[in-house]
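Data block below; observations after.
The values are calculated or read from the model by the stated rules, or taken from the named source; none is laboratory data. Just so you know, these numbers come straight off a predicted model, no measurement behind them. Cβ coordinates were reconstructed from backbone atoms using ideal geometry, including for glycine residues, and neighbour counts include every protein chain displayed. Side chains are part of the model used for accessible areas, which takes the heavy atoms of the whole protein and leaves out ligands, DNA and RNA. Shrake-Rupley method; radii C 1.70, N 1.55, O 1.52, S 1.80 Å.
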Amino acid sequence: MPPDKDHRALVRYRVLAYTTATLLIVLVFAGIPLQIWYHNLWVVEIVGTLHGYLYLVYLLVAFDFTRRLRIPLVKMLLVLLAGTVPFAAIVAERLLTRRYANRLSASHDALSPASARQVK
Amino acid sequence: MTPDAVVPASGGPVTGGQGAGGLVAGGPVAGGPGGRDIWWTRRAVLAHVALVIWVPGCAVAAWWQVGIALGGDSLGWVYSVMWPCFAVFGTIFWWFLVHDDPDTLGARGLRRQLEAGLEPAELGAQARAGCGNAGHASIPDGGGDLLGANESEEEDPELAAYNAYLAQLAGKEKSWRAR
């Protein structure tokens with residue numbers, strides 16, 4: 001198994017990716033129409049503020065996680081920017097989680113042969 | 001130490017690591033950590049340029065949002081806090097870009113280490129291992145004869161740094177597998 005730290009980074013990243021993505025979808029698809037057509041500002045103000053501050057946290061956490069995952073720089077920047085585009089953060093989260101899982105299974109195959117597995 | 005650990009606890013030779021020791025000894029030591037000026041590599045200069053554009057850009061954007069906030073849009077306050085934060089994050093990013101050794105860290109580092117048969121170590125620790133403590137460490141097991149001869153005769157600081165780094169790799173490798 002990999003160090004727990006990596007897994008904690010994954011969990012942190014996923015929680016924040018989903019939270020910011022959800023807030024952004026609410027902001028863009030509910031808040032902004034309400035603001036434009038009904039001049040109702042409170043959704044934009046509350047959700048926008050929340051998303052704004054959570055995005056800062058998302059940046060830190062996503063940076064940490066992509067670094068651990070050794071994502072190339074350009075992709076890392078895309079992941080960081082994904083927090084500002086509706087649905088993009090969810091797509092990025094899916095891709096990164098799959099990559100993390102692949103990395104785990106690859107290192108398992110390489111490091112622990114089936115015989116070692118059975119000793120337990 | 002779980003029962004399914006393949007490596008003996010007392011520091012026996014690691015299958016992958018030993019082969020890698022041989023590979024690495026003749027190989028890319030010249031490009032290894034230490035020795036070169038990290039502030040003026042191509043990568044670092046690009047990072048400097050990006051930072052010089054980014055930070056004033058953030059300052060301008062923050063000022064713009066302050067104007068919006070003073071105009072009565074309360075969301076402007078959020079963004080006038082965020083832009084300075086973006087500037088700080090950019091600076092952190094720049095710091096990592098300059099100090100990371102792309103030959104051992106990140107995607108390229110991973111590829112190189114896998115090609116060399118090494119197990120990639122944890123990020124962060126390696127950069128430090130590469131930069132400083134060149135010292136007297138050598139490879140703990142395996143490949144000792146080859147490197148040992150080199151060490152006693154030439155005392156190449158780069159090679160010594162690389163040995164320290166390999167030793168650290170070996171240590172990390174066990175803890176990685178042992179969990």
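Run the numbers on segment B:74-95: which residues show a drop of 50 Å² or more in accessible area, chain on its own versus all protein chains together, using a 1.4 Å probe over heavy atoms?
Those are B:75, B:78, B:82, B:89, B:93, which lose 50 Å² or more relative to the chain on its own.
Buried accessible area for the A:B pair, summed, 1.4 Å probe, in Å² rounded to 100?
Using a 1.4 Å probe, the pair buries roughly 2700 Å².
What is the packing order of peptides A:76-83, B:39-46, taking the mean over residues of other C-beta atoms within 10 Å and listing the highest first?
A:76-83, B:39-46
Rounded to whole Å and sorted largest first, list the principal axis extents of the Cα atoms in chain A.
Its Cα atoms span 67, 30, 19 Å along the three principal axes.
Could you pull out every residue, at least 5 positions away or on a different chain, whose amide H is within less than 5 Å of the one on residue A:40? Hs are placed 1.01 Å off N in the peptide plane, and Pro or chain starts have none.
The list, which skips near neighbours in sequence, is A:35.
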